[in-house]
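What follows is a set of notes on a single structure, which appears directly below.
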Amino acid sequence: MEIAVLGLGRFGRQLARTLADEGHNVLALDRDERIVQDLADEVTKAVTLDITDAEALEDVGAGHVEVGVIATTEVEASVLAALNLQALQVPTIHAKASNQRHATILRRLGVQRVVIPEEEGGERFSHLIRMPGSADYLPLTPGYGIGVYTSPESWTGQTLEWTLAPVKGEGSGTRRLLMIVRGETVQLNPVRTQAIEAGDRLVFAGSDDDLRRLMLE
């Protein structure tokens, strides 16, 4: 996956390193040349620039990434960076926020996922980035965890068994359905023949690859 990390404070550096260690192509961006140089050997590409400068972002190829992560809590910088990534048509944008008010502003701008550092660390956030559609994720071992998914509209009417059926000859692999949350009701080991309803939340265990494949199939 091609991922740009904008802002290389402690959180941004941890996130960039974790994503690079997981095998992703990471474009790391910050205006502090010393920080950029320190990280250069650990990521695919590290560049010194102002993340609020739309032309500079375009010049380094930020518009070609699949995911952009704004890892600064400076409100003005993060807002401008979000608008820049949107102008560059980056498909998925995540951001770090300093507090709930900042998070609300970013969400209203259309940022898909906002993390508050006091609540989530860079390592956990790296898993959420590469789990499209997951509302939450709990890592259990390296490469294996539990993901929570709100059923998309396309799932409505399908059976629970359908989410585990073989797709393109690959099957569901390690993915297992643990429970379904429907309104205030939690069903453990739910009957697989029942139909999925709008708003259902499904909880799966499995390898990171199999959980990620769930929303791509």
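The values are calculated or read from the model by the stated rules, or taken from the named source; none is laboratory data. Every value quoted in this text rests on a predicted model; they were computed, and no experiment measured them. Positions of Cβ are generated from backbone atoms using ideal geometry, with glycine treated the same way; all protein chains shown enter the neighbour counts. Ligands, DNA and RNA are stripped out before the accessible areas are found, and what is left, the full protein with its side chains, is counted by its heavy atoms. Shrake-Rupley method; radii C 1.70, N 1.55, O 1.52, S 1.80 Å.
From the backbone phi of the stretch 146-160, what are the Karplus-calculated ³J(HN,Hα) couplings (6.51 cos²θ - 1.76 cosθ + 1.60, θ = phi - 60°) in whole Hz, Gly and Pro given as x?
In residue order, the calculated couplings are 10, x, 10, 10, 7, 4, x, 4, 5, 7, 4, x, 6, 7, 4 Hz.
Distances over 16 Å make up what percent of all Cα-Cα pairs in the stretch 1-56?
Numbers: 470 of 1540 pairs.
Of all Cα-Cα distances in the stretch 1-56, 31 percent exceed 16 Å.
Using θ = phi - 60° and the Karplus curve 6.51 cos²θ - 1.76 cosθ + 1.60, what whole-Hz ³J(HN,Hα) does each residue of the stretch 192-204 get, with Gly and Pro shown as x?
Values per residue, Gly and Pro as x: 6, 7, 6, 7, 6, 10, 4, x, 4, 10, 10, 10, 10 Hz.
What is the percent carbon and sulfur in the accessible area of the chain, measuring with a 1.4 Å probe over the protein chains and ignoring ligands?
On the way: 5170 of 10850 Å².
Here carbon and sulfur together make up 48 percent of the probe-accessible area.
Return the FRET efficiency for the residue pair His64, Ala135: r is the Cβ-Cβ distance, R0 is 30 Å, and the value is rounded to the nearest 0.05. Walk me through the numbers on the way to the answer.
Numbers: r = 28 Å, r/R0 = 0.92.
My answer for the efficiency is 0.60.
Whole number please: convex hull volume per residue of the Cα set in the stretch 3-93, in Å³? Mind dumping the intermediate values first?
Values: hull volume 6.9 nm³, N = 91.
Dividing the Cα hull volume of the stretch 3-93 by its residue count gives 76 Å³.
Just name one of Leu39, Ala81, Asn189: the one whose Cα is farthest towards the positive end of the charge dipole of the chain (beta-carbon charges, Lys/Arg +1, Asp/Glu -1).
Farthest towards the positive end: Asn189.
Leaving out ligands and nucleic acids, and using a 1.4 Å probe, what accessible area per residue does the chain come to in Å²? It would help to have the intermediate numbers written out before the result.
Numbers: 10850 Å² over 217 residues.
I get 50 Å² per residue for the chain.
Kindly state, to the nearest 0.05, the FRET efficiency for Asp53 paired with Ser154, given R0 = 35 Å and r defined as their beta-carbon distance. Intermediate results must be reported in sequence, preceding the final value.
Details: r = 39 Å, r/R0 = 1.10.
Using R0 = 35 Å, I get an efficiency of 0.35.
In whole Å, what is the distance between the alpha-carbon centres of the stretch 1-52 and the stretch 139-160?
Using only Cα atoms, the two centres lie 29 Å from each other.
For Met179 and Gln194 in the same chain, what is the full-extension length gain: residue separation times 0.36 nm, less their Cα-Cα distance, in nm? It would help to have the intermediate numbers written out before the result.
Values: separation 15, 0.36 × 15 = 5.40 nm, distance 1.26 nm.
That pair, Met179 and Gln194, stretches by 4.1 nm at full extension.
Sequence-distant or interchain residues sharing an amide H contact under 5 Å with Thr44, placed H: which?
Val26
List the relative contact order of the chain as a percent without decimals, with contacts defined as Cα pairs under 8 Å and 6+ residues apart.
Numbers: 422 pairs, mean separation 31.5, N = 217.
Result for the chain is 15 percent.
Taking N as the number of residues in the chain, what is its Cα Rg relative to 2.2 N^0.38 Å?
The value comes to 1.09.
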